[in-house]
Ligand SMILES: Cc1cc2nc3c(=O)[nH]c(=O)nc-3n(C[C@H](O)[C@H](O)[C@H](O)COP(=O)(O)OP(=O)(O)OC[C@H]3O[C@@H](n4cnc5c(N)ncnc54)[C@H](O)[C@@H]3O)c2cc1C
Ligand code: FES
């Protein structure tokens, strides 16, 4: 993003260039490196949609006070009434076997409902602000007319609506009753933050080797099909995944955002970053901001080929 002399914002997007007076990052977490990422904690949450044998679906939304908690409600998908149950939340990248949470969720639901079959299961992410309140207002470190709305936690419906109201008022008059309460600038930068961001920008490009020998990697890591691991090799760290066809996928495990190591998520078959929630597919392609660059892909040599 750039700003012209007469304060017009110029946004370079994949769909073309947009010129505007005001811009809002409503992208769950703002892309790139921003102070807010260090005040937003990414969490994963699990959901199953099930059919019930007896057809007795609850006419209510319910949740318990366990830690981690569970909730249920119903929803009609393609004309079919289903029971949606969710919960089992944990910090992103803090659990290795994410697949187990679906089983646990099903077992939990089975205690109270008579499950016939599981129609859908999925997991997704939300961001918890460190002081409990979302960041709605001017984006710290950006141009005057650039705003952000992030950190709704599990309350996107309420805070999303509130963000719309607050940001509309800020754009029109610069004022709102809750301007200060949700002000993203209530977060102060720590000493050395700017230097840290600068250094982060050029670290990745020189990181990875051109080609790695498949044999050397395989001697370090024994992987079954559909298994993944982070391996250290000659001082570098690689995220390796062997797909169901026995093909190895190797990428740098260093997140392109600000250098944390990604962790395997076996439920979604993604590499997730525990620090600020970036997610990448098995070939390193960015699925979730704040990272805007893919993980470096590592070319593996054919067995017997010299490197
Ligand atoms: C499993 C689960 C259950 C939840 N249940 C509830 C609930 O019952 N009630 C509730 O109130 N909240 C719930 N939440 C929380 C709620 O979903 C979130 O707080 C809310 O969706 C966040 O809204 P958002 O607009 O900030 O981000 P999002 O809803 O993620 O929307 C951001 C949008 O920006 C797009 N985007 C991102 N980057 C770019 C880019 N670079 N260029 C263009 N587009 C981009 C994304 O594709 C997306 O469409 C739940 C969350 C989870 C994970
Ligand atoms: S998301 Fe910030 S270091 Fe990975």
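Derivation of every value follows stated rules applied to the coordinates shown; laboratory data play no part. Keep in mind that what you see is a predicted model, and the values were worked out from it rather than measured. Note that we place each Cβ from the backbone using ideal geometry, even for glycine, and neighbour counts take in every protein chain shown.
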Rg/Rh for segment 41-129: what does it come to with C-alpha atoms and Rh from Kirkwood? 0.98
Spin-label model distance (nm) - residue 133 vs residue 222, 7 Å beyond Cα toward Cβ: 5.5 nm
Can you pull the one-decimal nm distance between simple spin-label points at residue 229 and residue 287, each 7 Å off the Cα toward Cβ? 2.2 nm
What percent of all Cα-Cα pairs in segment 104-180 falls in each 5 Å bin, counting up from 0? 3, 13, 18, 16, 12, 9, 7, 7, 7, 6, 3, 0
Please work out the FRET efficiency for the pair residue 60 and residue 4, using the Cβ-Cβ distance as r and a Förster radius of 45 Å; give the result to the nearest 0.05. 0.25
Given a 10 angstrom Cα cut-off, can you work out which residue in 272, 54, 183 is the most mobile in a GNM of the chain? 54
Just order 89-95, 160-166 by mean Cβ neighbour count inside 10 Å, highest at the front, would you? 89-95, 160-166
Taking just the alpha carbons, could you work out the radius of gyration and Dmax for segment 1-94, both in angstroms? 21.2, 67
Mind checking which of 78, 224, 12 has the largest fluctuation in a GNM of the chain, springs on alpha carbons under 10 Å? 78
Please work out the Cα center distance from segment 1-59 to segment 112-168, rounded to the nearest Å. 8 Å
Percent RCO, i.e. relative contact order, over the chain, from Cα pairs under 8 Å lying at least 6 residues apart: 18 percent
For the chain: span of alpha carbons on each principal axis (Å, largest first): 67, 60, 37
